[in-house]
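Student: Right, I'll just put the structure down here and ask away after.
What follows draws every value from the coordinates through simple rules; no lab data is involved. The structure displayed is predicted, hence computed values, not measured ones. Cβ sites come from the backbone with ideal geometry, for glycine too, and all protein chains shown count toward neighbours.
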Amino acid sequence: MKVILEVNNLKKTFKLSKKQQKIEKTKLKVRVAVNNLSFKAYEGQIYGLLGPNGAGKTTTLRIISTLIKQDEGDALVDGLSISKSPEKVRSKIGFLTSDLKLDDFFTPNYLFDYFSNLHGVDAKVRNERKELMFKKFGIDEFKEVKVSDLSTGMKQKVSLVISLVHDPKIIIFDEPTNGLDVITAKTVIDFLLDLKTQGKTIILSTHIFSLVERICDQVGIIIDGRMVLETSMADFSVPNSLEKRFFELYEQNRGEIYG
Amino acid sequence: MANLWTIIKKELRRFFTDKRMLVSLLLPGILIFVLYSIMGDVMVNNLGQGADQVYTLKVENEPTGFADALETVYHLDYQDELTSEEALLKIENKELDLYLVFPVNFLDDYEAGLNPTIEMHYNASSMTSSTMMNIYSSFLSNSLQQYGMDVSNHATDIDTSIMLITGMVPFLLITFLFTGAMAVAPESIAGEKERGTIANLLITPVKRSNIALGKIIALSIVAFTSAASSFIGLMLSLPKLLGGTVGFDFSMYSVGAYLMLLLVIISTVLIFIVMIALVSTYAKSIKEATSLAMPLMIVVMLVGVSTLMGSAATSAYLYLIPIYNSVNSLVSIFSLEFNLVNFILTIVSNLVVTGLGIFLLTRMFNSEKIMFRK
């Protein structure tokens with residue numbers, strides 16, 4: 001299988017302000033968010049990044065998406081370095097996170113066209129893609145409604161579709177089902193599986209064990225910024241074995257993040 | 001009472017422990033001191049009241065000793081060779097500052113208590129003529145007691161209109177341009193950061209320099225539209241605004257003047273948008289951007305106020321200073337006394353600073369510390 005994402009020894013630190021030091025009850029001036037992290041994801045697979053809040057999952061995904069820069073290490077996205085070719089990497093990645101919001105003033109229809117144009121998608125291809133995806137997610141019904149008037153679920157569907165306007169090879173979803181009702185969450189999960197069958201690589205960050213067990217091919221467990229386990233989901237065929245293993249690892253590794 | 005004190009303490013703590021807020025509160029005083037100190041000197045020179053200013057005048061039958069007394073303080077160039085007609089023509093053309101005619105036996109008549117009348121001719125649309133008129137009038141009132149004055153202002157209606165327009169419009173226009181920029185730039189950049197929509201743009205393959213340039217151009221168009229609307233409204237309402245003492249006719253200015261005006265306005269809008277865009281990119285929210293832009297607004301207002309005297313700077317190097325150059329170029333254009341070199345310096349300087357601003361903005365868009373500051 002072709003390696004489509006190769007993450008090598010990523011490290012990212014954040015300076016702690018006095019206020020943050022007080023909140024986190026530490027005298028250390030720097031927090032290591034991602035510590036020598038490496039993993040590989042293959043074409044046509046779903047890779048689950050599992051970890052507690054603050055483990056460094058989102059930071060890792062933001063680095064891969066070139067939104068922020070790593071201190072050390074590199075990642076290759078379809079052979080392109082995130083350090084050397086960030087703009088080309090962006091055209092290969094679709095990124096969806098709750099941090100990315102849609103502009104309330106515009107309609108889904110306008111935003112789809114806008115982001116397609118920014119990605120340089122041909123108008124004909126754009127319209128075909130839009131028709132297909134709007135139909136699939138039921139966006140047709142509210143495509144001319146301003147985002148400000150949409151429900152949370154509707155907005156999430158629009159965000160999802162917009163992250164895919166350019167038909168990226170790698171799709172990065174940070175907690176994609178957070179805050180969604182069960183119906184919308186199911187639509188999103190079904191869509192992820194659909195993308196997988198199309199040969200897309202999906203990197204999924206979550207702390208929901210059942211979701212990982214259900215759809216992922218590989219899993220990486222991140223605790224305190226470090227990859228403590230990377231393995232195939234075939235190793236967790238026994239129900240709840242992933243959750244059990246996770247807590248064992250969590251107990252072994254917690255509390256060593258400050259450097 | 002204890003509750004009242006608790007509320008007061010909390011409010012004061014809010015303002016005096018926030019470094020940014022504190023800067024916004026105290027910076028205006030510092031800026032006012034620095035700017036007024038610098039501008040004071042510049043304005044005195046521009047107003048023709050500097051130590052080196054030479055006033056031109058023709059005085060007929062001037063009593064002995066008057067000229068000597070005045071020349072101990074002022075540099076006067078007596079042009080006695082002019083005929084009466086030539087003097088009046090030069091006054092109208094702003095080539096002579098003052099023309100006085102004393103009666104032939106002025107001092108004898110004065111001492112006899114006959115209240116002799118002095119003819120005074122000046123041009124109110126010329127700053128140096130008005131100044132010279134005031135100087136001589138003050139000298140007479142300090143030296144003499146009972147005499148008459150027959151004062152004639154030789155400014156044409158157009159000159160008067162231009163003088164009033166020059167004194168008021170550049171300041172208002174610069175204010176419109178800045179407020180137009182303030183209305184849109186914080187919303188477009190700080191607003192996008194605050195709402196979390198900017199990251200969607202940053203993960204597209206578009207170069208950060210294109211994002212910066214795209215924002216600047218779009219915001220400039222909006223700010224320009226707003227300023228143009230205010231400007232046209234102002235010009236059309238001028239006759240009523242000034243109580244019918246002045247009329248504005250678009251034909252008072254040539255096509256070339258309008259073209260230069262347009263270029264100065266566009267380059268100034270770009271400067272304002274870039275400055276506020278930089279502040280907005282640094283800020284976390286619209287509120288913070290607006291607060292941080294307040295010192296800029298004070299600077300713009302103070303520079304704008306310097307035009308209320310209606311005289312443009314003459315030194316070319318001053319036209320390299322953004323905002324100050326725009327204000328002075330506007331004064332020059334409105335007063336029909338524009339200088340091509342100064343105009344070119346203004347446009348080039350503003351465009352260079354805009355370019356540097358866009359470069360800096362691109363760097364800021366590339367900085368995660370600025371773009372994702374919490």
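Student: For region A:92-103, in order, what is each residue's ³J(HN,Hα) by Karplus, 6.51 cos²θ - 1.76 cosθ + 1.60 with θ = phi - 60°, in whole Hz (x at glycine and Pro)?
Tutor: In residue order, the calculated couplings are 9, 10, x, 10, 10, 8, 5, 6, 8, 10, 8, 5 Hz.
Student: Which of the residue pairs A:K244/B:K284; A:K18/B:K9; A:K196/B:K215; A:K19/A:K200; A:K136/B:K284 have a Cα-Cα distance greater than 32 Å in the structure shown?
Tutor: With Cα atoms farther than 32 Å apart: A:K244/B:K284; A:K196/B:K215; A:K19/A:K200; A:K136/B:K284.
Student: Name the long-range amide H neighbours of A:I171: under 5 Å, sequence gap of 5 or more, or other chain; modelled H, no Pro or chain starts.
Tutor: A:G94, A:T201, A:I202, A:I203
Student: How fast does chain B diffuse by Stokes-Einstein, in µm²/s, taking the Kirkwood radius from C-alpha pairs at 37 °C and 0.692 mPa s?
Tutor: 136 µm²/s
Student: Further question on the same structure: What list of ³J(HN,Hα) values in whole Hz, one per residue of region A:113-127 in order, does the Karplus curve 6.51 cos²θ - 1.76 cosθ + 1.60 (θ = phi - 60°) give from phi, with Gly and Pro shown as x?
Tutor: Those phi angles translate into 5, 4, 6, 4, 4, 5, 8, x, 7, 4, 4, 5, 4, 4, 5 Hz.
Student: Okay, moving on. Counting just the Cα atoms, what span does region B:249-348 cover along each of its three principal axes? Round to the nearest Å and put the largest first.
Tutor: 46, 26, 23
Student: How tilted is helix B:286-305 with respect to the longest principal axis of chain B? Cα atoms for both, answer in degrees (0 to 90, nearest 10).
Tutor: With both axes taken from Cα atoms, the answer is about 10 degrees.
Student: Taking N as the number of residues in chain A, what value does Rg over Cα atoms divided by 2.2 N^0.38 Å take?
Tutor: So the Cα radius of gyration is 1.03 times the expected 2.2 N^0.38 Å.
Student: Strictly greater than 21 Å: what percent of every Cα pair in region A:49-116 meets that?
Tutor: Counting every Cα pair in region A:49-116, those more than 21 Å apart make up 38 percent.
Student: Further question on the same structure: Find, among the GluC sites (Glu not before Pro) in region A:1-75, those assigned to loop by DSSP (not H, G, I, E, B) with at most 14 other beta-carbon atoms within 10 angstrom.
Tutor: Sparse-neighbourhood loop GluC sites (Glu not before Pro): A:E24.
Student: Less than 17 Å apart at the alpha-carbon level, and either on another chain or at least 8 residues along: which aspartates and glutamates does that give for A:K124?
Tutor: Filter leaves A:D113, A:D167.
Student: Same structure again: Treat each spin label as a single point 7 Å out from the Cα along the C-beta direction, and report the B:V34 to A:L132 distance in nm.
Tutor: Taking the simple label geometry, B:V34 and A:L132 are separated by 5.9 nm.
Student: So what's region A:109-214 giving for Cα Rg divided by 2.2 N^0.38 Å, two decimals?
Tutor: My calculation over the Cα atoms of region A:109-214 gives 1.06.
Student: P(r) for region A:184-259, please, calculated from all Cα pair distances in 5 Å bins and given in %.
Tutor: Result, from short to long distances: 3, 13, 24, 21, 17, 12, 6, 3, 0 percent.
Student: Straight-line reach from A:K29: which aspartates and glutamates fall under 18 Å, measuring Cα to Cα and dropping same-chain residues less than 8 apart?
Tutor: Once the sequence-local aspartates and glutamates are set aside, what remains near A:K29 is A:D71, A:D224, A:E256.
Student: While we're on this one: Using only the alpha-carbon atoms, how far is helix B:255-282 inclined from the longest principal axis of chain B? Give it as 0 to 90 degrees, nearest 10.
Tutor: 40 degrees
Student: Would you grab the residues whose amide H sits under 5 Å from the one on A:Y42? Only those 5+ places off in sequence or on another chain, please, with H modelled 1.01 Å from N.
Tutor: Here the answer is A:I4, since their amide H atoms fall under 5 Å of that of A:Y42.
Student: Tell me the label-point distance for the pair B:M21, A:T152, using the 7 Å Cα-to-Cβ offset, in nm and rounded to one decimal.
Tutor: 3.1 nm
Student: Between B:D80 and B:L360, what is 0.36 nm times their sequence separation minus the Cα-Cα distance? Round to one decimal in nm.
Tutor: Full-extension gain reported as 94.8 nm.
Student: From the P(r) of the protein assembly as shown, could you give the percentage of C-alpha pairs in the tail past 33 Å?
Tutor: Pairs farther apart than 33 Å: 62 percent.
Student: Tell me, what ³J(HN,Hα) does each residue in region A:9-18 have, in order and in whole Hz, if you take phi through Karplus 6.51 cos²θ - 1.76 cosθ + 1.60 with θ = phi - 60° and put x for Gly and Pro?
Tutor: Coupling constants for region A:9-18: 6, 5, 9, 9, 10, 10, 6, 9, 6, 4 Hz.
Student: Related question: For chain B, what does -39500 (n - 2.57) per DSSP helix run (n ≥ 4), summed and divided by total residues, give at 222 nm, in deg cm²/dmol to the nearest 500?
Tutor: Theoretical 222 nm ellipticity from helices: -22000 deg cm²/dmol.
Student: List the residues whose amide H sits under 5 Å from the amide H of B:T117, counting only those 5 or more places along or on another chain, with H placed 1.01 Å from N in the peptide plane.
Tutor: B:G148
Student: Rounded to whole Å, give me the distance from the Cα center of region A:127-189 to that of region A:1-79.
Tutor: With region A:127-189 and region A:1-79 each reduced to a Cα centre, they are spaced 26 Å.
Student: Hey, another quick one. In degrees from 0 to 90, rounded to the nearest 10, what is the angle of the helix B:19-46 Cα long axis to the longest principal axis of chain B?
Tutor: Rounded to the nearest ten degrees, it is 30.
Student: Let me ask you something else. So what is the relative contact order of chain B, in percent, for Cα pairs below 8 Å that sit 6 or more residues apart?
Tutor: The normalised contact order for chain B reaches 19 percent.
Student: Residue separation times 0.36 nm, minus the C-alpha to C-alpha distance between B:A218 and B:A67: what's the value?
Tutor: Here the answer is 48.3 nm.
Student: If you don't mind, there's one more thing I want to ask. As a test of understanding, state the convex hull volume per residue of region A:27-71 from its alpha carbons, in Å³.
Tutor: Measuring per residue, one finds 98 Å³ for the Cα hull of region A:27-71.
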